[in-house]
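Comments concern the structure below.
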Amino acid sequence: MSSYDLVVIGTGPGGYVCALRAAQLGLKTAVVEKRPTHGGTCLNVGCIPSKALLHASEAFEETTKHLPVLGITVGEPKLDLGKMMAFKQDGVDGNTKGVAFLLKKNGVDAFQGTGRLAGAGRVEVTSEDGGNQILEAKNVVIATGSDVANLPGVTIDEEVVVSSTGALDLTKVPGKLVVIGAGVIGLELGSVWRRLGAEVTVVEYLDRILPGMDGEVGKQFQRILAKQGIQFRLSQKVTGVERSNAGAKVTVEPAAGGAAEVLEADVVLVAIGRVPYTAGLGLDTVGVQLDNKGRIQTDDRYATNVTGIYAIGDVIAGPMLAHKAEDEGVAVAEILAGKAGHVNYGVIPNVVYTTPEVASVGKSEEELKKDGITYNTGKFPFTANGRAKVNHTTDGFVKVLADASTDRVLGVHIVGPDAGNLIMEVAVAMEFGASSEDIARTCHAHPTLTEAVKEAALAVEKRALHM
């Protein structure tokens, strides 16, 4: 029986980073992973493969829509979907092998199999061939991530009715793709297949896309996506999906009630969210408590109600984001090593990797109004940014929300080119308690997209220079 200071169940972004940091701090550490490769959903069937297809599909569309404007003629592009999928898989393999290398380099023992809590300080690992072994652990961190949320009455077969996993591995471009859910996953994958030639319709129960993000951002972004060819059916609910000879029939009706309508689809993508993955972990065996949403309950040090058992990432409260899980992994490893691990949940960026990108950090206007906080707003459109103009990437804007009395930045929202990178300037500023004045008086290189952030900060006090 092997004995460890820490055993981490799950090697997604939260789990493997937690193990690496714990090993750096001198803890004897092991990880347990049920997949053949490390990296969890994110590296295997989530963040990494989706970004590969986003990049490849953007390049495909670039050849027909943008290169001719630049004076570059390359002829009609031909799609080799098999090669594109191989490109995607190459990126996945490189990343997952990289995690395996890092674990080995840092002296972390890796066990392949399904992990479950078998009692106080005991983790049972069951391999695919049925063999099992017990690991003794002073501490256990549960980092098992999340799973696809199912739509009641709809069977996902990963062929015609697919989850995000199946949508990353289609063997041909669907003529008609119906996406159920207008959140991040649905919009990203819908945009991939739209660029490759599919007719995409997004059905959303709510009256807006990107629920949870800033309302103004959602409205403008919907207009941009509609201009690109994505059709939206908002305030609609899906009451059934039936496979047919040609694909599937999706029955929808108004969320408030009304006449039903049938949408024809070659492929249906169910993208209504994700749920914590806690099945088969033996939580009931040791008495770990869950909340009413099926998440593991923890305190501010990631400890459960059972001594020596901790949890991070998608299985606990908070946004289901890889980088949030990573920071929690580092924090809990440092706490176990006697240091002061900490995560600032007020400054966790959120990015939608479409074209253009959408990014936010901090509070939205809706949240500030709900909390009764008075604020000032500064907005600047990319149509007035020199670099965006010359690149013909002028869709979108930057919006800065600052406290009305202190000018401290409370939130920033960006729709536009490279928004995922632009948001990090503001995240760093917010970590240091910056005011909009601080950002506005910081010299930004010209000509860059970052100047739009500076101008939005200037606009808080109605003194933007280029509009």
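The values are calculated or read from the model by the stated rules, or taken from the named source; none is laboratory data. Every value quoted in this text rests on a predicted model; they were computed, and no experiment measured them. Cβ placement follows ideal geometry from the backbone for every residue including glycine, while neighbour counts extend to all protein chains displayed. What goes into the accessible areas is simple: the full protein's heavy atoms, side chains included, and nothing from ligands, DNA or RNA. Shrake-Rupley method; radii C 1.70, N 1.55, O 1.52, S 1.80 Å.
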*Considering the stretch 302-317 alone, what residues qualify as being out of contact with any Lys or Arg (no Cβ under 6 Å at 6 or more places or on another chain) and either among the aromatic types (Phe, Trp, Tyr) or part of a loop (DSSP other than H, G, I, E, B) (or both)?*
Tyr302, Thr304, Asn305, Val306, Thr307, Gly308, Tyr310, Ile312
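Just a yes or no: is a residue in the stretch 86-94 small (Gly, Ala, Ser) and within 20 Å of Gly12 (Cβ to Cβ)?
Here is the first cut: in the stretch 86-94, the residues small (Gly, Ala, Ser) are 86, 91, 94.
Remaining after also requiring within 20 Å of Gly12 (Cβ to Cβ): 91, 94.
Yes, the stretch 86-94 contains at least one residue that is small (Gly, Ala, Ser) and within 20 Å of Gly12 (Cβ to Cβ).
So, restricting to strands (runs of 3 or more DSSP E) that lie completely within the stretch 323-424, which ones have at least 1 residues that are on the phi > 0 side of the Ramachandran plot? Please lay out each step first, then the result.
On the way: elements: 350-352, 357-362, 375-381, 397-403, 409-416.
Where strands (runs of 3 or more DSSP E) fall fully within the stretch 323-424 and carry at least 1 residues being on the phi > 0 side of the Ramachandran plot, they are 357-362, 409-416.
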*Evaluate the following for Ala143: is it surrounded by fewer than 21 Cβ atoms within 10 Å (Cβ to Cβ) and within 26 Å of the chain's Cα centre (by Cα)?*
no
*Could you please give the count of residues in the stretch 247-288 that are surrounded by fewer than 13 Cβ atoms within 10 Å (Cβ to Cβ), under 24 Å from Gly40 (Cβ atoms) and not acidic (Asp, Glu)?*
2
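Please specify each residue of the stretch 345-400 satisfying the condition of being aromatic (Phe, Trp, Tyr) and open to solvent by 20 Å² or more (accessible area, probe 1.4 Å). I'd like the intermediate steps shown before the answer.
First, the residues of the stretch 345-400 that are aromatic (Phe, Trp, Tyr): 345, 353, 375, 380, 382, 397.
Answer for the stretch 345-400, where residues must be aromatic (Phe, Trp, Tyr) and open to solvent by 20 Å² or more (accessible area, probe 1.4 Å): Tyr345, Tyr353, Tyr375.
Kindly indicate whether Leu170 is part of a loop (DSSP other than H, G, I, E, B) and not charged (D, E, K, R). Walk me through how you get there before you give the answer.
Numbers: part of a loop (DSSP other than H, G, I, E, B): yes; not charged (D, E, K, R): yes.
For Leu170, the condition - part of a loop (DSSP other than H, G, I, E, B) and not charged (D, E, K, R) - is met.
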*Among the numbered criteria (1) touching a Gly at 6+ places or on another chain (Cβ under 7 Å); (2) within 12 Å of Ala452 (Cβ to Cβ), which single criterion is violated by Pro381?*
(1)
*Residue within the stretch 437-459 that is buried (at least 17 other Cβ atoms within 10 Å of the Cβ) and in a strand (DSSP E or B) present*: no
*Show the residue pairs that are 6+ apart or on different chains and have beta-carbon atoms under 6 Å apart, the first residue being within the stretch 210-236 and closer than 20 Å to Phe397 by Cβ and without any contact (Cβ under 8 Å) to a residue 12 or more places away in the chain, the second being open to solvent by 40 Å² or more (accessible area, probe 1.4 Å) and of a type in the set (D, E, K, R).*
Gly218/Arg208
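Applying the selection to the stretch 198-251, what residues are of a type in the set (Ser, Thr, Tyr) and at pLDDT below 95? Write out each step before concluding.
Start the filter on the stretch 198-251 by keeping residues that are of a type in the set (Ser, Thr, Tyr), which leaves 201, 205, 235, 239, 244, 251.
Once the filter is applied, which keeps residues that are of a type in the set (Ser, Thr, Tyr) and at pLDDT below 95, the stretch 198-251 yields only Ser244.
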_Near pairs, Cβ below 9 angstrom, 6+ apart or cross-chain, from the stretch 27-47 (touching a residue at least 24 places away in the same chain (Cβ under 8 Å)) to any residue that is aliphatic (A, V, I, L, M) and assigned to a loop (DSSP other than H, G, I, E, B)_ = Leu27/Ala337; Thr29/Val108; Ala30/Val108; Val31/Val108; Val31/Ala143; Gly40/Ala143; Val45/Leu168; Gly46/Leu168
*Out of curiosity, is Leu210 in a loop (DSSP other than H, G, I, E, B) and of a type outside the set (Gly, Ala, Ser)?*
yes
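Please state which one of Gly91, Gly119, Gly115 is at pLDDT below 95 and either surrounded by fewer than 17 Cβ atoms within 10 Å (Cβ to Cβ) or not hydrophobic (A, V, I, L, M, F, W, C) (or both). Steps first, please.
Values: Gly91 fails: at pLDDT below 95; Gly115 fails: at pLDDT below 95.
Of Gly91, Gly119, Gly115, the one residue that is at pLDDT below 95 and either surrounded by fewer than 17 Cβ atoms within 10 Å (Cβ to Cβ) or not hydrophobic (A, V, I, L, M, F, W, C) (or both) is Gly119.
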_Filter the stretch 425-436 down to the residues that are outside any helix (DSSP H, G or I) and open to solvent by less than 60 Å² (accessible area, probe 1.4 Å) and list them by number._
Gly433, Ala434, Ser435
*Applying the selection to the stretch 199-208, what residues are closer than 24 Å to Pro417 by Cα, crowded, with 24+ Cβ neighbours inside 10 Å and under 19 Å from the mean Cα position of the chain (by Cα)?*
Val202
*For the stretch 14-26, name all the residues that are within 19 Å of the chain's Cα centre (by Cα) and either over 19 Å from Leu281 (Cα atoms) or without any contact (Cβ under 8 Å) to a residue 24 or more places away in the chain (or both).*
Val17
*asked:* Looking only at residues that are in contact with a strand residue (DSSP E or B) (Cβ under 9 Å, 6 or more places away or on another chain) and open to solvent by 20 Å² or more (accessible area, probe 1.4 Å) in the stretch 214-228, which one is nearest to Glu76 (Cα to Cα)?
replied: Ala226
